[in-house]
Amino acid sequence: MAVITTDILLEGARRDAVFGWLSEPSHHEQLLQGVFDDLSQVKPGEFEAKLRSRPVARPIRYVFERPDDSHGGRRVLCRTEGRRIAGSLHYSLRTMKPSTNTLLTVHMDYEPGRVLGAALDQLVLRKDLESALRKIAENAGRVIPRG
């Protein structure tokens, strides 16, 4: 299992407001715009796209699953499907000081495969996925409403 995480501080955005916004499946298209090639919505919260990767672009499916506040924090759970990139993706939210700031963590666990997949992951795929997650976080910083 491979893991990638990236954070962004959303200044002026309260955690519960961010959680409410991310809990709406239709908003996720705004997070994915410009991150993947050939992005198309299958239904609200479910998208098919291509991850820019070498030597060839990889088909990826992004599926919104559900908001989760059962553990005392706030997370929005999604999953990814595709060869060497199937796994879970979730958005975790923490309140920062002052309480009007929220730290958004985009976290992905995925299964790159065995020997060949692990080598491909180290050489190319991990860098491409890290770049995609950074872009998702940047998009979140632009599109999530403040105040």
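The values are calculated or read from the model by the stated rules, or taken from the named source; none is laboratory data. If you're wondering where the values come from, they're calculated on a predicted model, not measured in any experiment. Positions of Cβ are backbone-derived with ideal geometry, glycine not excepted, and every protein chain shown enters the neighbour counts.
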Within region 36-49, the residues that are surrounded by 14 or more Cβ atoms within 10 Å (Cβ to Cβ), modelled with pLDDT of 95 or more and out of contact with any His (no Cβ under 8 Å at 6 or more places or on another chain) are Leu39, Gln41, Glu46, Glu48, Ala49
Checked pairs for region 105-134, first over 14 Å from Thr6 (Cβ atoms), second modelled with pLDDT under 75, C-beta under 6 Å and 6 or more apart or across chains, list as Pro112/Ala118; Pro112/Asp121
Apart from one, (1) within 21 Å of Leu9 (Cβ to Cβ); (2) assigned to a loop (DSSP other than H, G, I, E, B); (3) of a type outside the set (S, T, N, Q) all hold for Tyr91; the odd one out is (2)
Taking region 11-33 and keeping residues within 20 Å of Thr95 (Cβ to Cβ) and in a helix (DSSP H, G or I) leaves Arg15, Asp16, Ala17, Val18, Phe19, Gly20, Trp21, Leu22
query = Just a yes or no: is a residue in region 72-81 assigned to a strand (DSSP E or B) and touching a residue at least 60 places away in the same chain (Cβ under 8 Å)?
reply = no
Restrict the check to region 105-125 and report whether at least one residue is in a strand (DSSP E or B), in contact with a Lys or Arg (Cβ under 7 Å, 6 or more places away or on another chain), hydroxyl-bearing (Ser, Thr, Tyr) and within 19 Å of Leu9 (Cα to Cα). no
Over region 34-67, the set of residues among the acidic types (Asp, Glu) and more than 15 Å from the chain's Cα centre (by Cα) is Asp37, Asp38
Residue pairs within 7 Å by beta carbon, gap of at least six or interchain, first lying in region 17-46 and over 19 Å from Glu138 (Cβ atoms), second surrounded by 13 or more Cβ atoms within 10 Å (Cβ to Cβ) and among the aromatic types (Phe, Trp, Tyr), listed first then second, are Pro25/Phe64; Ser40/Phe47; Gln41/Phe47; Gly45/Phe64; Glu46/Phe64
Taking first residues from region 1-16 that are under 23 Å from Arg79 (Cα atoms) and second residues anywhere that are acidic (Asp, Glu) and outside any strand (DSSP E or B), the pairs with Cβ under 9 Å that are 6 or more apart or on different chains are Ala2/Asp121; Ile4/Glu130; Thr6/Glu130; Ile8/Glu138
Only one of Arg74, Arg84 is farther than 18 Å from Arg134 by Cα and in contact with a Pro (Cβ under 7 Å, 6 or more places away or on another chain), namely Arg84
Among the residues of region 55-86, the number that are modelled with pLDDT under 95, out of contact with any Gly (no Cβ under 8 Å at 6 or more places or on another chain) and buried (at least 17 other Cβ atoms within 10 Å of the Cβ) is 3
